[in-house]
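I have placed the structure first, in the form of structure tokens, so that the comments after it can refer back to it.
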Amino acid sequence: MSDPMRIRLQSQAGVTTVKVLMSHEMESGQRKGDDGKIVPLWNIQDVSATLNGKVVMTAEWGGGISKNPFLQFAVKGTKTGDKISLTWRDNRGDSRTDEVIVS
Amino acid sequence: MPQTNTRSIRPAYKEAWLCFILVAVVGIAKAQSGSFEGPKSTGNVQKSEQPSEQSTEKAIAQYRQMLQEANPADLYVTKGEALWNSARGPNRQSLASCDLGLGPGIVKGAWAQMPRYFEDTQRVQDLESRILFCMQEIQGFNSIDLAAQDFNTPERLNISLLAVYVASESEGVPFNVPMSLPQEKEMYKIGKKLFFLRAGTHDFSCSTCHSQTGRRIRLQDLPNLTTHEGAGGAYGSWPAYRISTGSIWTMQQRLSDCFRQQRFPKPIFASPATIALSVYMGFNANGSIASAPGLKR
């Protein structure tokens, strides 16, 4: 089960800066555990953001992204009441979507 | 004849050397600007060209501030809060009735007044030892078993989560560690003694690293825990998220690792010695603002 993202918004003159903190182990697939065996790959592979349902940002992630990743991007043409939604999907097929309203 | 020949050749040699020197100088200049502009300068070349000590510290401060905006500790605070309110343990009870010193169930601001003396246990307790006590009394966990476990076992990680949640509820509150009772005064005295006690194979004490202002080890500032500011900044920012381990560390774990670095025997979790050191640091921090959860390398 995945934990909620922490999303913060800062809006100024129609541009909203979105700061997202995701809760994920992000195992690179390169690391060995205490038992000497390789810890299997487990990371977020796709991230997408929508503004009122329209995709505004997509990202493909790999093993170089840290544990509990932080993502920041800006969306143009936002107004109060707009809905920004973020979704990630990992290689195990797990996914998580969180929404915030522009204020 | 040979003389005229050498004369005509010599100036050409000179020019060639000049050209080579010019090329070499331009080459070095380019290499330098490249290494400064590059996003991942290794920093191990041209040491004399590096900015001064002061601007290094400024750059570290800027780096820390960028990280602070995205402190993953926030994710763990949410988990800790859910854990605090969920019915767990053999007794299937939540910790909602746990008394952290301000009365049963009061979490807000409680950590800023810890460690303190508790009537019910007749002991001075810090945050983690009090949580451990509540887990035993209310939820029915075996506190001796839990204290003997490693920091990374599931239930001990839960203690760290609970601690980071409780501490976060004191964010922005000034420290007011009580020091009116004889038991509290005695613990402060013991803590101070332990802080300055030199021992172990390396003849180390806490004060070896933590009694001078403006020192650092590699890129980490070493807080002067004998001062009000130093203790406030350091003690007040644990529990913290450690980027190097990707997990929450409480003050107990910080102390345990400090003991390891001093080549001291491993302290028992929530033991009187560790609590005494927290009393010493906590009381020294009195008046400064609690900033936990922090973000550490």
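Just so it is clear, none of the values below were taken in a lab; they were calculated from the coordinates. Please read all numbers here as calculations on a predicted model, not as lab measurements. Don't worry about glycine lacking a Cβ; one is built from the backbone with ideal geometry, like all the others, and counts go over all protein chains shown.
Some observations on this one:
- Each Lys or Arg adds one and each Asp or Glu subtracts one; over the other residues with Cβ under 13 Å from the Cβ of A:ARG31, this totals -1.
- For the range A:6-101, the calculated P(r), taken from all Cα-Cα distances in 5 Å bins from zero up to the bin holding the longest distance, is 3, 12, 23, 21, 15, 10, 7, 4, 3, 1, 0 percent.
- Protection proxy ranking, highest mean first, for peptides A:29-38, B:81-90, B:95-104: B:95-104, B:81-90, A:29-38, where packing is the per-residue count of other beta-carbon atoms within 10 Å, averaged.
- Net dipole in debye of the range B:116-212 [+1 Lys, Arg Cβ; -1 Asp, Glu Cβ; about Cα centre; nearest 20]: 500 debye
- Only Lys, Arg, Asp and Glu carry charge here, each on its Cβ (+1 for the first two, -1 for the last two); on that basis the range A:6-101 has a dipole of about 320 debye about its Cα centre.
- Entries in A:LYS83/B:LYS296; A:LYS76/B:LYS296; A:LYS19/B:LYS58; B:LYS79/B:LYS266 that, when Cα-Cα distance is taken, lie over 31 Å: A:LYS83/B:LYS296; A:LYS76/B:LYS296
- Dividing the summed -39500 (n - 2.57) terms of all DSSP H runs of n ≥ 4 by the residue count of the protein assembly as shown sets its mean residue ellipticity at 222 nm at -12000 deg cm²/dmol.
- Counting only Cβ charges, +1 for Lys and Arg and -1 for Asp and Glu, the dipole size of the protein assembly as shown around its Cα centre is about 1320 debye.
- The protein assembly as shown: Rg to Rh, with Rh as the Kirkwood radius over Cα pairs: 1.11
- Per-selection Kirkwood Rh - the range B:73-296 (Cα, Å, 1 d.p.): 17.5 Å
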